[in-house]
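In what follows, a single structure is set out as structure tokens and then discussed.
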Amino acid sequence: MNPNQALWEKGDFTAIAALMRRSGEALVQSLGVTEDMRVLDLGCGDGTTAVPLAQTGADVLGIDIAKNLVDAGNQRAAQAGLRRLRFQHGDACSLQGVPDHAFDLALSVFGAMFAPKPFDVAKEMVRVTKPGGRIVMGNWIPNDPTSFVSQLLKISSSFTPPPPEGFISPMTWGVEANIVERFAQAGIGKDRISMVRDSYSFVSDDREPAHVIDLFRRFYGPTMNAFEAAQKNGATDSLHQQLLELAKSQNRAAGGGTSIAATFMRVTVRT
């Protein structure tokens, strides 16, 4: 199996996505999507942004590497009666069967950044977007102390073996120079790329930080791998404590619950 597919099918990301729904809806509202648009949501999971995109009336295709999330997304679409939303299995590095210039907007929020071949991802996103359209990416920023997931991944990686030779960290998608270089190779000039720091929240009204970290431990592939490695080294308690301290320090919810705002790089490309 594709290692990236295995990683994201390892757990049940829908448990994590439940914490991300409100910010997903808010992000979609900021995009100005209309019902006459065709939209691609790449690395869509079970539809945190794809569902609210379809609720605008747009024609939406969600593509994800994890088949279990594709199945969950199609189930959500059916339950919501969203006939212009469909999910299918696919690889952001090679969007087989997706025609050129098919979409007005190609969106990827913390999705395509995890695909292993970033230059291919940029090329494919440009290929499938119409001239005059938009590509929008949300990418975590490496080593950013205000980015919860960036710090969570940094802590987790410190407990796992070194990556294989040739591995390109997904966090490199949060570096401006890399973003410009990758889209330049896909034929996009720097003047058509804009980048701003934005914020995305993980919210649960009834689950405190300890429970949120437990969800990541049980259902988020990278964190699951970190705990498996830590267990072999007798370091499980240390990993758990570091992640718990991170979540508690960034929690802004008052009177119980969790609300953690995480900084990310919002990239807009005009094709």
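Right, residue 139: surrounded by 15 or more Cβ atoms within 10 Å (Cβ to Cβ), closer than 30 Å to residue 22 by Cα, of a type in the set (S, T, N, Q) and under 14 Å from the mean Cα position of the chain (by Cα) or not? Before the answer, list the steps.
Numbers: surrounded by 15 or more Cβ atoms within 10 Å (Cβ to Cβ): yes; closer than 30 Å to residue 22 by Cα: yes; of a type in the set (S, T, N, Q): yes; under 14 Å from the mean Cα position of the chain (by Cα): yes.
Yes, satisfied.
Is the stretch 87-103 home to any residue that is assigned to a loop (DSSP other than H, G, I, E, B) and under 20 Å from residue 220 (Cβ atoms)? Talk me through it step by step, then tell me what you get.
Going through the stretch 87-103, the residues assigned to a loop (DSSP other than H, G, I, E, B) turn out to be 90, 92-93, 95-102.
Adding the requirement that they be under 20 Å from residue 220 (Cβ atoms) leaves 92.
Within the stretch 87-103 (the criterion being assigned to a loop (DSSP other than H, G, I, E, B) and under 20 Å from residue 220 (Cβ atoms)), the answer is yes, since at least one residue qualifies.
Scan the stretch 113-121 and give yes if some residue there is free of Cβ contacts under 8 Å to residues at least 24 places away in the same chain and either polar (S, T, N, Q) or more than 20 Å from residue 217 (Cα to Cα) (or both), otherwise no. Steps first, answer last, please.
Residues of the stretch 113-121 that are free of Cβ contacts under 8 Å to residues at least 24 places away in the same chain, as a first pass: none.
No, the stretch 113-121 contains no residue that is free of Cβ contacts under 8 Å to residues at least 24 places away in the same chain and either polar (S, T, N, Q) or more than 20 Å from residue 217 (Cα to Cα) (or both).
In contact with a Phe, Trp or Tyr (Cβ under 9 Å, 6 or more places away or on another chain), in a helix (DSSP H, G or I) and either surrounded by 15 or more Cβ atoms within 10 Å (Cβ to Cβ) or polar (S, T, N, Q) (or both), is that true of residue 24? Can you show your working first?
Details: in contact with a Phe, Trp or Tyr (Cβ under 9 Å, 6 or more places away or on another chain): yes; in a helix (DSSP H, G or I): yes; either surrounded by 15 or more Cβ atoms within 10 Å (Cβ to Cβ) or polar (S, T, N, Q) (or both): yes.
Yes.
Of the residues screened, residue 194 is one that is modelled with pLDDT of 95 or more, surrounded by fewer than 16 Cβ atoms within 10 Å (Cβ to Cβ), under 21 Å from the mean Cα position of the chain (by Cα) and polar (S, T, N, Q). Checked across the stretch 110-125, the condition of being assigned to a strand (DSSP E or B), in contact with a helix residue (DSSP H, G or I) (Cβ under 9 Å, 6 or more places away or on another chain) and surrounded by fewer than 24 Cβ atoms within 10 Å (Cβ to Cβ) holds for no residue.
Look through 249, 201 and report the one residue that is outside any strand (DSSP E or B), at pLDDT 95 or above and of a type in the set (Gly, Ala, Ser).
Values: 201 fails: outside any strand (DSSP E or B).
Checking each option against the conditions leaves just 249.
If you check 241, 231, 185, 250 for being polar (S, T, N, Q) and within 20 Å of residue 140 (Cα to Cα), only one passes: 250. Taking the listed residues 148, 159, the one that is buried (at least 20 other Cβ atoms within 10 Å of the Cβ), over 20 Å from the mean Cα position of the chain (by Cα), among the aromatic types (Phe, Trp, Tyr) and within 26 Å of residue 228 (Cβ to Cβ) is 159, with no other qualifying.
Residue-by-condition table, conditions (1) out of contact with any Asp or Glu (no Cβ under 7 Å at 6 or more places or on another chain); (2) crowded, with 20+ Cβ neighbours inside 10 Å; (3) in contact (Cβ under 8 Å) with a residue 40 or more places away in the chain:
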residue	(1), (2), (3)
5	yes, no, yes
28	yes, yes, no
38	no, no, yes
51	yes, yes, no
56	no, no, no
64	yes, yes, yes
92	no, yes, yes
98	yes, no, yes
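Scanning the stretch 167-198 for residues being more than 22 Å from residue 150 (Cβ to Cβ) and assigned to a loop (DSSP other than H, G, I, E, B) gives a total of 4.
Quick one: which residue in 176, 181 is within 21 Å of residue 264 (Cβ to Cβ), surrounded by fewer than 20 Cβ atoms within 10 Å (Cβ to Cβ), at pLDDT 95 or above and touching a strand residue (DSSP E or B) at 6+ places or on another chain (Cβ under 7 Å)? Walk me through it before giving the result.
On the way: 181 fails: touching a strand residue (DSSP E or B) at 6+ places or on another chain (Cβ under 7 Å).
Among 176, 181, only 176 is within 21 Å of residue 264 (Cβ to Cβ), surrounded by fewer than 20 Cβ atoms within 10 Å (Cβ to Cβ), at pLDDT 95 or above and touching a strand residue (DSSP E or B) at 6+ places or on another chain (Cβ under 7 Å).
The values are calculated or read from the model by the stated rules, or taken from the named source; none is laboratory data. On a predicted model such as this, the values are computed, not experimentally measured, just so you know. Ideal geometry is used to build each Cβ from the backbone, glycine not excepted, and the neighbour counts take in all protein chains shown.
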